[in-house]
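One structure below.
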Amino acid sequence: MRRFRKRRSRKTSVKQARGFAGTMRAMLKELLATDAPASAAPSAEGTPVSVKIRERLVAARKRFNANDNISEFIQPGELDRLLDEVEAKMQDVLDSMVIDTATDHNTQNTARRVAKMYLTEVFKGRYVPQPAITEFPNAEHLNELMIVGPITVRSACSHHLCPVIGKIWIGVMPNEHTNVIGLSKYARLVDWVMGRPQIQEEAVVQLADLIMDKTQPDGLAIVMEASHFCMSWRGVREMDSKMLNSVMRGVFLKDPALRREFLSLIPGRN
Ligand SMILES: Nc1nc2c(ncn2[C@@H]2O[C@H](COP(=O)(O)OP(=O)(O)OP(=O)(O)O)[C@@H](O)[C@H]2O)c(=O)[nH]1
């Protein structure tokens, strides 16, 4: 009886193995017949989409540093393919970190999540065009100091890609010909510029250049205060230190009284 059961079970396992091999063959056939999976990042023509974008930038002699916006060089549909490419490379990073993403339920989709986070969330400011800015005529010919803030800064340092979290205050001295831009648009511009790997000194200058270009005021003042996680989470592990910097343009540079007025009006910063 025991021998019979054994024979039956051997027969069953041979049958099961054949069934399994058949299923695997069918799956392989199906896999080969379908589109390239995410990990096969090269486009239909075989060139990775990042290479194509880079070639356009080089041909146009455009800089593509971490804190540059490259949206002009990305064609419709390419951002999705870039996402697949970054996912595949991120998977390689996890593999090289010897993380078992095949069986660890927590990391099975981490490569995709991280790629999505970089391209469509935290570094979105590199890949999408500048937000639309509504301008209103300065009907009353206002030329008084205007301050907006604190505006939340969410960025990351270019060196370690660690978060940079802080606040920004913007002071504008319009002249009677300056167009007025919607208040929320300052926050949108901050988000666009800060949504890239940055260093704080360059980030405020980029923002100042952009606002000067959009509004052509008589003067512009920006103060930024931020915590750098590369200094707290890792490295020297300084929990409380912050970086503060400012950019002054136009009348704010020439007029110390105006500069003082702006700095004294920033709530909570004195
Ligand atoms: N000036 C400036 N420095 C920054 C900014 N964000 C991060 N850093 C610094 O950039 C430096 C990078 O230093 P490295 O010596 O190349 O890197 P590291 O060996 O990891 O340095 P440690 O952070 O000291 O461990 C660090 O001192 C960071 O604190 C920023 O916005 N402005």
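The values are calculated or read from the model by the stated rules, or taken from the named source; none is laboratory data. None of these values were measured; they are calculated from a predicted model. We place every Cβ from the backbone using ideal geometry, glycine too, and count neighbours over all the protein chains shown. Each accessible area value is taken on the protein alone, full model and side chains, heavy atoms only, with ligands, DNA and RNA left out. Shrake-Rupley method; radii C 1.70, N 1.55, O 1.52, S 1.80 Å.
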Worksheet, complete the sentence: With every protein chain kept in place and a 1.4 Å probe, the range 49-126 has an accessible area per residue in Å² of 62
Discussion item. Net charge around His177, counting only other residues with Cβ within less than 13 Å of its Cβ (Lys, Arg = +1; Asp, Glu = -1)?
Written reply: -4
Worksheet entry | Computed magnitude of the charge dipole of the range 157-213 (debye, nearest 20; Cβ of K, R +1, Cβ of D, E -1) | 240
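So, with +1 on the Cβ of K and R and -1 on the Cβ of D and E, and no other charges, what is the size of the charge dipole of the range 149-270 about its Cα centre, to the nearest 20 debye?
Working: 14 positive and 12 negative charges, 59 e Å.
Computed charge dipole of the range 149-270: roughly 280 debye.
Ignoring any ligand, DNA or RNA, what whole percent of the accessible area of the range 135-265 comes from carbon and sulfur when the probe is 1.4 angstrom? If you can, show how the numbers build up before the last one.
Values: 3700 of 6800 Å².
It is 54 percent, rounded to a whole number.
Give me the net charge of Ala102's neighbourhood, meaning all other residues with Cβ under 15 Å from the Cβ of Ala102; Lys, Arg count +1, Asp, Glu -1. Let's see the in-between values first.
On the way: positive: Arg112; negative: Asp92, Asp95, Asp100, Asp104.
Counting the neighbours of Ala102, the net charge comes to -3.
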Discussion item. If I ignore ligands, DNA and RNA and count only protein heavy atoms, how much of Tyr186 is accessible to a 1.4 Å probe, in Å² to the nearest 10?
Written reply: 10
Fill in: In Hz, Karplus ³J(HN,Hα) per residue of the range 196-205 (6.51, -1.76, 1.60; θ = phi - 60°; x = Gly, Pro)
8, x, 9, 10, 4, 4, 6, 4, 5, 5
Worksheet item: Using a basic spin-label model with each label point 7 Å from the Cα along Cα→Cβ, how many nm lie between Ile165 and Thr120?
Response: 2.3
Practice prompt. At 0.36 nm per residue, minus the direct Cα-Cα distance, what do Phe64 and Leu210 gain on full extension? Give it in nm, one decimal, please.
Written response: 50.8 nm
Item to complete: Note down the accessible area of Arg81, probe 1.4 Å, to the nearest 10 Å².
Response: 80
Discussion item. Within the range 57-94, list the residues whose amide N lies under 19 Å from a label point set 7 Å along Cα→Cβ of Arg113.
Written reply: 83-94
Fill in: Total formal charge among the other residues, if their Cβ is under 13 angstrom from that of Thr134, Lys/Arg +1 and Asp/Glu -1
+2
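Could you work out what % of the accessible surface of the range 49-126 is carbon and sulfur, using a 1.4 angstrom probe and leaving DNA, RNA and ligands out of the count?
Numbers: 2570 of 4870 Å².
That fraction is 53 percent.
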Response to the item:
Expected unfolding gain across Val98-Leu183 under the 0.36 nm per residue rule, minus the alpha-carbon gap, is 25.8 nm
